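Peer 1: Provided herewith is a single structure, encoded as structure tokens, for subsequent inquiry.
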Amino acid sequence: MRITVKQQVLLAPAIVLILLIMLLAFMQYTYWDLAHKRHEVKAVGTTFVALAEADMAARRLHVLLRSMQHNGMAAPEDMALVADLYEHLLNAINRMEPFGPIKGSRLISRLQNMAENLNPADSPEIENMAESFARFRAELSTLSNATQIYRNRLRLIHEQDINQMVERTAVVSMSVLVLAIALGLLVSAYFSRRILNRIQLLSSNAVRIADGKLELPPAPDHIRDELDTLAVSINRMTKRLIRVVSTEKLLEGAEEERRRIAMDLHDQSLSDLSTILRGLQNLSAELPDDAPREKAQKLELELERAIANLRDIMNNLHPQTLDILGLGAALEAHLEDHCYSDDLPEYHLYIDPAVSQLKLGRLKQLTLYRIAIEAVQNVLKHADASRYEVSLEVREKELILSVEDNGKGLSDDSFHSGSGRGLNNIRERARAITAEVSWKPSRFSTGTRFELTLPYQS
Ligand SMILES: Nc1ncnc2c1ncn2[C@@H]1O[C@H](COP(=O)(O)OP(=O)(O)OP(=O)(O)O)[C@@H](O)[C@H]1O
Ligand SMILES: [Mg+2]
């Protein structure tokens, strides 16, 4: 299963949060249960008080009616008292609320009906009324007894319930809190240790690579999270670095070899040829006849040409001006020597004065020099241009080499034609010094702009 680092970090607080929310829900339920029971107790209490009041009013009415029955007549103030007591009775009966066992039964509504039928104003016969009151009081006392019993039981249960609830809430809260803390600690310890170990491994690999020990660090087979992605990236970066470093070493070795060959040619072949030239010059001076002297002078000229060619080859093998005057001057000298002619396209060279201040290594200078020469050679060979520009500019933290012509432009299959090696060599050489190269349409109306960007540290 793929769990990202973010999820691993958030897992422990999420577990704690879920457990606390469950605890909150449990407390809420307990509170709701308590409120419900409290309401029940209140209903029983209200009904009990209403029953007592109703019983008192009914008893007084009953006594009053009996005395009126006994006297055989009703005084107006007695009738007013009866009406008052009846209203009191009705009021009390209407305040009763159904509770517990009598919720389903129709006991209260039956009592209310009976009370409504007992209105003394509707029934002039005092005798009948007294009897009705006797039945009503019996019913009232049945309900009163039931209420009393239920009230006592409820009080007991309620007390027990509250004790149990307090105990249960305390136990559950403590257990959930302990569980949440323990789980949170365990999960965060497990994942943070895992993440930390992997970060330490990645960091030690990166430090080793930065110290120049280019051993390939292990890469995971499949990617599960961001750290795996990082491990794969470090692995790929190291691979590329190893390739770049080996190319750089290869190029350095090759340049060193070319330099050695140039020196050998200079010290051995060139000095031998110069000795022969001097001998030939002496010989021709000593020859008395014109014909053999002319022949000897012709040979002298050819030998001088051969010596000049050899110097060219030596310079190509290792441009001495580069070591002595630097990149800009070496490029200028090369263009003047090889590209300045009426039958070749006109060129313009711009060398930023800041280039001479840069501390470029020998390999970088040589690489830039060879790349520039190949780009110029390509213009001369393929572009059919009438004009081209070579420039070496310093921008912020970057050195830009560009060769831009107004020729026919690069075709799409130039990179895949397979015949030439120049473009590939340019790419390889640029990669070895961590430079980037590109070929784009030129800023002239037609043609190609070759550009190399080399980041440098001042
Ligand atoms: N400035 C340019 N203008 C037009 N076409 C170009 C230019 N530079 C390169 N090309 C095209 O790109 C192709 C590949 O160039 P590349 O330098 O790789 O080979 P090459 O010059 O033919 O041979 P080599 O460089 O090995 O002597 C060329 O054949 C040419 O068609
Ligand atoms: Mg070429």
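Coordinate-derived values only; no laboratory data. A quick note: this is a predicted structure, and the numbers were derived from the prediction, not measured. With ideal geometry, Cβ positions are generated from the backbone for all residues, glycine too; neighbour counts draw on all protein chains shown.
Peer 1: Hey, which lysines would be in cross-link range of residue 249, C-alpha to C-alpha under 23 Å, not counting anything within fewer than 8 residues on its own chain?
Peer 2: Output for residue 249: 213, 239, 359, 364.
Peer 1: What number, rounded to the nearest 500 deg cm²/dmol, is the helix-based mean residue ellipticity at 222 nm of the chain, given -39500 (n - 2.57) per DSSP H run of at least four residues and division by all its residues?
Peer 2: Helix-only estimate at 222 nm: -24500 deg cm²/dmol.
Peer 1: Distance between Cα centroids, segment 133-191 to segment 325-393: provide it in whole Å.
Peer 2: 95 Å
Peer 1: Could you name the lysines in cross-link range of residue 103, using Cα to Cα under 17 Å and dropping any fewer than eight places away on the same chain?
Peer 2: Cross-link targets: 37, 42.
Peer 1: Related question: Percent antiparallel among DSSP beta bridges with both residues in segment 335-458, to the nearest 5?
Peer 2: 80 percent
Peer 1: Also, quick follow-up: Per residue of segment 369-377, what does 6.51 cos²θ - 1.76 cosθ + 1.60 with θ = phi - 60° give for ³J(HN,Hα)? Whole Hz please, x for Gly and Pro, Karplus curve as stated.
Peer 2: Per-residue couplings from phi come out as 4, 5, 5, 4, 5, 5, 5, 5, 4 Hz.
Peer 1: Roughly how tilted is helix 76-94, in degrees to the nearest 10 and between 0 and 90, from the longest Cα axis of the chain?
Peer 2: So the helix axis and the longest Cα principal axis differ by about 30 degrees.
Peer 1: Same structure, new question: Return the percentage of antiparallel bridges among DSSP beta bridges fully within the chain, rounded to the nearest 5 %.
Peer 2: Numbers: 21 of 27 bridges.
Bridges in the chain that DSSP calls antiparallel: roughly 80 percent.
Peer 1: Rounded to the nearest 20 debye, what is the charge dipole size of the chain about its Cα centre when +1 sits on each Lys and Arg Cβ and -1 on each Asp and Glu Cβ?
Peer 2: Around 2340 debye, computed over the chain.
Peer 1: Residue by residue through segment 219-235, what is 3J(HN,Hα) from phi via Karplus (6.51 cos²θ - 1.76 cosθ + 1.60, θ = phi - 60°)? Round to whole Hz and write x for glycine and proline.
Peer 2: 10, x, 5, 10, 8, 9, 8, 4, 5, 5, 4, 5, 4, 5, 5, 4, 4
Peer 1: Return the equivalent ellipsoid semi-axes of the chain as a descending list in whole Å, where each equals the square root of 5 times an eigenvalue of the C-alpha gyration tensor.
Peer 2: Over the Cα atoms of the chain, the ellipsoid semi-axes are 122, 26, 14 Å.
Peer 1: For segment 4-55 and segment 81-132, write down the distance between their C-alpha centroids in whole Å.
Peer 2: 39 Å
Peer 1: Using alpha carbons only, how many degrees (0 to 90, rounded to 10) separate the axis of helix 290-317 from the longest principal axis of the chain?
Peer 2: That works out to roughly 10 degrees.
Peer 1: Follow-up question, since we're still on this one. When the dipole is taken about the Cα centre of segment 220-318, and only Lys, Arg (+1) and Asp, Glu (-1) are charged at their Cβ, what size is it in debye, to the nearest 20?
Peer 2: Rounded to the nearest 20 debye, it is 300 debye.
Peer 1: Under the rule that an exposed site lies in a DSSP loop and has at most 14 other Cβ atoms within 10 Å, name the longest stretch of the chain with no GluC sites (Glu not before Pro) of that kind, not counting the sites themselves.
Peer 2: Details: sites that count: 125, 215, 396.
In short, 216-395.
Peer 1: Based on Cα positions only, what radius of gyration and what Dmax would you give for segment 295-439, in angstroms?
Peer 2: For segment 295-439, the Cα radius of gyration and maximum Cα-Cα distance read 17.0, 61 Å.
Peer 1: Taking only Cα atoms, what is the 0 to 90° angle, nearest 10, from helix 327-338's long axis to the longest principal axis of the chain?
Peer 2: That works out to roughly 50 degrees.
Peer 1: Cut-off under 24 Å on the C-alpha distance; same-chain residues fewer than 8 positions from residue 408 excluded. Which lysines are left, in chain and number order?
Peer 2: Cross-link targets: 381, 440.
Peer 1: OK, next. Can you list the HN-Hα couplings for segment 28-36, worked out from phi with the Karplus curve (6.51, -1.76, 1.60; θ = phi - 60°), rounded to whole Hz and with x for Gly and Pro?
Peer 2: 3J(HN,Hα) across segment 28-36, in whole Hz: 4, 4, 4, 5, 5, 4, 5, 4, 4.
Peer 1: I've got another one for you. Under a point-charge model restricted to the Cβ atoms of Lys and Arg (+1) and Asp and Glu (-1), what is the dipole moment magnitude of segment 5-75 relative to its Cα centre, in debye to the nearest 20?
Peer 2: The calculated dipole for segment 5-75 is roughly 80 debye.
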